[in-house]
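First comes the structure, then the notes that go with it.
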């Protein structure tokens, strides 16, 4: 007697894009992404000559919403909010999520520099590495010790950024 094996075929799961992803043009952040964003924000607050923001949409075409932004010191007006900011930050920080590729980053880099951003950080959680891009220079890649951003003078310890228990 022959045995017949049945195989269940499942229809492909339809991927839906969340409102978050549509609005920001990037994947929904993950746990590691969120932890790194808070670690970096806390460390950057030590630099009182700057204003640090997160998830602020820049008035670029197409628009961009970096994970962290470093501005020259500016005082917020709590009675008047801005949905899109036209004053460009000194630095933008992009943290790669697990599903995010480099294609999107490569497209953003020249737009940031053309708009007046002085440095762009690319944080790669999986390999605990940060690359700092400056206009017309090769990126400086940091995977241990201390990173240094020539555009702002910021120095941060990678062990503090990637610490497991902040």
* Asked: Quick check: anything in segment 117-135 assigned to a helix (DSSP H, G or I) and crowded, with 16+ Cβ neighbours inside 10 Å?
  -> yes
* Structure fact -> How many residues of segment 140-154 are surrounded by 12 or more Cβ atoms within 10 Å (Cβ to Cβ), outside any strand (DSSP E or B) and out of contact with any strand residue (DSSP E or B) (no Cβ under 7 Å at 6 or more places or on another chain)? The answer is 1
* Asked: Which numbered condition trips up residue 152, out of (1) in contact (Cβ under 8 Å) with a residue 60 or more places away in the chain; (2) farther than 19 Å from residue 49 by Cα?
  -> (2)
* **Pairs with Cβ under 7 Å, 6+ apart, first in segment 58-76 and on the phi < 0 side of the Ramachandran plot and loosely packed, with under 14 Cβ neighbours inside 10 Å, second modelled with pLDDT of 95 or more and in a strand (DSSP E or B)** => 72/50; 73/50; 73/51; 74/51
* In this structure, is residue 51 crowded, with 16+ Cβ neighbours inside 10 Å, modelled with pLDDT of 90 or more and farther than 19 Å from residue 149 by Cα? -> no
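Yes/no per residue for (1) in contact (Cβ under 8 Å) with a residue 40 or more places away in the chain; (2) within 12 Å of the chain's Cα centre (by Cα):
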residue: 55; (1), (2): no, yes
residue: 78; (1), (2): no, no
residue: 87; (1), (2): no, no
residue: 97; (1), (2): yes, yes
* Structure fact -> Here the residues within segment 119-139 that are closer than 18 Å to residue 40 by Cα and touching a strand residue (DSSP E or B) at 6+ places or on another chain (Cβ under 9 Å) are 119, 120, 121, 122, 123, 124, 125, 129, 130, 131, 132, 133
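The values are calculated or read from the model by the stated rules, or taken from the named source; none is laboratory data. Remember, predicted model here, so these are calculated numbers, not experimental data. All Cβ positions, glycine included, derive from the backbone under ideal geometry; neighbour counts span all protein chains shown.
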